[in-house]
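Below is one structure; the comments refer to it alone.
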Amino acid sequence: MGQSDGSVIKAKKYLKKKIIGVTCHNSKLLAEIAIQNKADYLAFGSFSNSKLKPKAKKANLNILKWARKNIKKPIVAIGGVNNLNYKKLIKSGAKYIAISSYIWDNPKLKPEIAVRKFK
């Protein structure tokens, strides 16, 4: 859920046993609030420019390093993830990566070729 998408607590009541994550941008405070509200995972980003959300708030690798040390929930890197930056995001602390524009809106590669670039 994005920061303006409503309450995680209400969403969890409505969606019952579904997995719900919260975008925390580059904020330790937002991460702590998401944990208090029982988010299942935390997403940090954007780590690079993204066609999907070109005005997204930017994050840096230090937030992933902090999260790896301080958060026991799964950590997802979002925003501008591509075949050139995903390894450093994982090495910095992301357990998972979310990829959209690089695969679906790539002007140079068809989706099946873009996916193969992640090895």
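Here, each number is a calculation from the coordinates, and none is a lab measurement. Quick caveat, the model's predicted, so the values are computed rather than measured. A quick note on method: Cβ atoms are made from the backbone with ideal geometry, for glycine too, and the neighbour counts reach across all protein chains shown.
Do the alpha carbons of any pairs in K53/K119; K12/K117; K10/K117; K13/K95; K38/K87; K28/K108 sit beyond 32 Å of each other, and which pairs? Among K53/K119; K12/K117; K10/K117; K13/K95; K38/K87; K28/K108, the Cα-Cα distance tops 32 Å for K12/K117; K10/K117; K28/K108. Here is how the number arises for the chain: DSSP H runs of 4 or more residues each give -39500 (n - 2.57), the sum is divided by the residue count, and the result at 222 nm is -9500 deg cm²/dmol. Scanning residues 5 or more positions from I97 or on other chains, those with amide H under 5 Å from its amide H are A77, with H placed 1.01 Å from N in the peptide plane. Working note: Karplus 6.51/-1.76/1.60 with θ = phi - 60° gives segment 21-36 the couplings x, 10, 6, 10, 6, 10, 10, 5, 4, 4, 5, 5, 5, 4, 5, 4 Hz, where Gly and Pro are set to x. Hull volume per residue, based on the alpha-carbon atoms of segment 23-72 and their convex hull, is 73 Å³. In order along segment 102-119, phi translates into HN-Hα couplings of 4, 8, 8, 10, 7, x, 9, 10, 6, x, 5, 6, 4, 4, 5, 6, 9, 10 Hz, rounded to whole numbers, per the Karplus curve 6.51 cos²θ - 1.76 cosθ + 1.60 with θ = phi - 60° and x for Gly and Pro.
Our note on the geometry: Cα centres of segment 93-116 and segment 76-91, 10 Å apart.
Rounded to whole numbers, the Karplus 3J(HN,Hα) couplings from phi for segment 77-84 are 8, 10, x, x, 6, 9, 5, 8 Hz, using 6.51 cos²θ - 1.76 cosθ + 1.60 with θ = phi - 60°, and x at Gly and Pro. All C-alpha pair distances within segment 8-116, sorted into 10 Å bins from zero, spread as 15, 43, 32, 10, 0 percent across the bins. Between amide H atoms placed 1.01 Å from N, distances below 5 Å from Y41 occur with I20, G21, V22, all of them 5 or more places distant or on a separate chain. Taking Lys and Arg as +1 and Asp and Glu as -1, the other residues whose beta-carbon sits under 9 Å from that of S46 total +3.
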